[in-house]
Amino acid sequence: MKKRNLTLLTAIAAAAAFASTAQAAVITTPGDGYAGPYRIAFQTNGSQVAPHSKPMADYNTFVTTEAGLIPELAALSTTWTAIGSTTIVDARDNTGTNPGVETGVPIYTTTGLRIADDNADLWDGTIANPIFFGDGTTTVGQGFGGRAYTGTATDGTAHTSGDGRPLSSGPGQNIRMARGGYTDSGWIGAASFNDTDSRGLKMLAISGVINPIPEPSSMSLLALSGLALLRRRRA
């Protein structure tokens, strides 16, 4: 009996371990009941190799291609931009999240969790939930595979001092990187990674503003029903 119980407990533990690493469902709508305009951020599943000397447009193309590989994200028909800074363009301007320009809207993960309430909240040094991979898998505990090139400081501008430089700083530079699964400042910048390493790193991406299609109200449904009934009578 004891042996049977031990075997059962082992099986349960194995199943739990598998569940913690299994792919989650990709959710493209807010999971907290919010019904207004919003955005989605994710970390690319693919890696960007040797990002030196590239214009921002190339990084935006890369993350757009990555989003297109996820059916649920591709179906949104929205734009995608890289959460990264070059020597010329800051991440907060490239992504339209500069709090000095506009308030912005809530930002969510690909599993429906809220990352930030608005632009100022995104760039205040911390986020509410870690950013997931595009296919919904977590980046927590992913080690090297969860790192991403950003070249960005916590306020959304290019990281130009200390450890790590902006994207496109030139070959042989150590580029500021993020660590997957972090919610403190490490979500956007934690140490650096040399851009000539053939393994490359992933990147962070954010969608354009997504406007949910409102459900018809009960009054609208009543009006449509009345109109249909009136047309039948006239016929």
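The values are calculated or read from the model by the stated rules, or taken from the named source; none is laboratory data. Predicted, not measured: the structure shown is a model, and the values here were computed from it. Positions of Cβ are backbone-derived with ideal geometry, glycine not excepted, and every protein chain shown enters the neighbour counts.
Annotations
- Conditions (1) closer than 19 Å to Arg165 by Cα; (2) at pLDDT below 90; (3) aliphatic (A, V, I, L, M): number failed by Leu222: (1)
- Tally, over the stretch 161-209, of residues that are assigned to a loop (DSSP other than H, G, I, E, B) and under 30 Å from Gly36 (Cα atoms): 9
- For the stretch 165-217, residues that are closer than 23 Å to Gly104 by Cα and surrounded by 12 or more Cβ atoms within 10 Å (Cβ to Cβ) total 18.
- Verdict on Ala158 being buried (at least 16 other Cβ atoms within 10 Å of the Cβ), modelled with pLDDT of 95 or more, of a type outside the set (Phe, Trp, Tyr) and farther than 20 Å from Tyr108 by Cβ: yes
- Of all residues in the stretch 115-155 being of a type in the set (Phe, Trp, Tyr) and modelled with pLDDT of 90 or more, the one that is surrounded by the fewest Cβ atoms within 10 Å (Cβ to Cβ): Trp123
- Considering (1) in a helix (DSSP H, G or I); (2) on the phi > 0 side of the Ramachandran plot; (3) of a type outside the set (S, T, N, Q), the lone condition that Gly104 does not fulfil carries the number (1).
- Pairs, first farther than 13 Å from Ser85 by Cβ in the stretch 163-192, second surrounded by fewer than 17 Cβ atoms within 10 Å (Cβ to Cβ) and among the aliphatic types (A, V, I, L, M), C-beta under 9 Å, six or more apart: Asp163/Ala191; Pro171/Ala50; Asn174/Ala191; Arg179/Ala191; Gly180/Val140; Gly181/Val140; Tyr182/Val140; Thr183/Ala128
- Selection from the stretch 151-169 of residues that are on the phi < 0 side of the Ramachandran plot and not β-branched (Val, Ile, Thr): Ala153, Asp155, Ala158, His159, Ser161, Asp163, Arg165, Pro166, Leu167, Ser169
- Considering the conditions (1) in contact with a helix residue (DSSP H, G or I) (Cβ under 7 Å, 6 or more places away or on another chain); (2) under 21 Å from Asn211 (Cα atoms), Ile127 is excluded by exactly one of them, (2).
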